Amino acid sequence: MNLVRRLAICGSIVIGSALAPAALASAAVTVPFQIDPAPFGNPNGSFDAPSVRCVAVVGEQPGTVTVTGGKEDRWGCLLSSEVRWLNMSTGASGSARLSDGLNGIPARAILQTGAGQLAVAVVPAAGIVTPGFAFFYVP
């Protein structure tokens with residue numbers, strides 16, 4: 001009976017230690033940032049042009065970032081905007097375009113950046129708008 005108990009405890013420790021890294025790696029982190037419109041060239045913004053709230057979701061997959069909206073169901077980020085990124089740890093850089101939001105699918109861009117400290121800028125396609133910036137670590 002003692003041997004069975006010890007084997008059960010050792011088995012649960014082995015299984016738990018094997019599953020723990022997978023649980024830690026799958027924990028996604030959301031990094032919010034905003035884009036401030038400047039209608040008619042007014043850098044102070046306007047009550048009729050509120051800030052646009054976007055998020056960067058990191059940790060869903062290693063070396064990958066998803067830029068999307070910060071509102072319910074991932075809406076809220078600018079449609080068809082350019083997303084520029086720089087991995088400050090490796091020197092890699094690139095750009096992507098947020099999707100158009102058609103067919104009920106929120107705008108998003110999936111960036112294959114690799115692991116490291118990342119700087120992301122969302123540059124709207126039209127209008128006079130201050131780009132939104134975010135800095136975060138990608139596992």
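The values are calculated or read from the model by the stated rules, or taken from the named source; none is laboratory data. The structure presented is a predicted model; accordingly, all values stated were derived computationally and were not measured. FYI the Cβ positions are ideal-geometry reconstructions off the backbone, even for glycines, and counts take in every protein chain you see. Quick note on the areas: whole protein, heavy atoms, side chains included, nothing else; ligands and nucleic acids left out. Shrake-Rupley method; radii C 1.70, N 1.55, O 1.52, S 1.80 Å.
Of PHE135, PHE47, all but one fail to be open to solvent by 80 Å² or more (accessible area, probe 1.4 Å) and at pLDDT below 85; the exception is PHE47. Residue count for region 98-112, restricted to those that are out of contact with any Lys or Arg (no Cβ under 7 Å at 6 or more places or on another chain) and either of a type in the set (S, T, N, Q) or assigned to a strand (DSSP E or B) (or both): 4.
Just one of the listed residues (SER12, SER89, SER95, SER17) is open to solvent by 20 Å² or more (accessible area, probe 1.4 Å), at pLDDT 90 or above, among the small types (Gly, Ala, Ser) and not in a loop (DSSP other than H, G, I, E, B), and it is SER95. Among the residues of region 63-82, those that are open to solvent by 30 Å² or more (accessible area, probe 1.4 Å) and either within 15 Å of ALA134 (Cβ to Cβ) or assigned to a loop (DSSP other than H, G, I, E, B) (or both) comprise GLY70, LYS71, TRP75, LEU78, LEU79, SER80, GLU82. Looking for something part of a strand (DSSP E or B), open to solvent by 40 Å² or more (accessible area, probe 1.4 Å), over 14 Å from LEU118 (Cβ atoms) and in contact with a strand residue (DSSP E or B) (Cβ under 7 Å, 6 or more places away or on another chain) - is there at least one such residue anywhere in region 55-62? Looking through region 55-62, none of the residues is part of a strand (DSSP E or B), open to solvent by 40 Å² or more (accessible area, probe 1.4 Å), over 14 Å from LEU118 (Cβ atoms) and in contact with a strand residue (DSSP E or B) (Cβ under 7 Å, 6 or more places away or on another chain).
Hey, among the residues in region 113-132 that are closer than 18 Å to VAL57 by Cα and in a loop (DSSP other than H, G, I, E, B), which one's least open to solvent (accessible area, probe 1.4 Å)? Among them, the one singled out is THR113.
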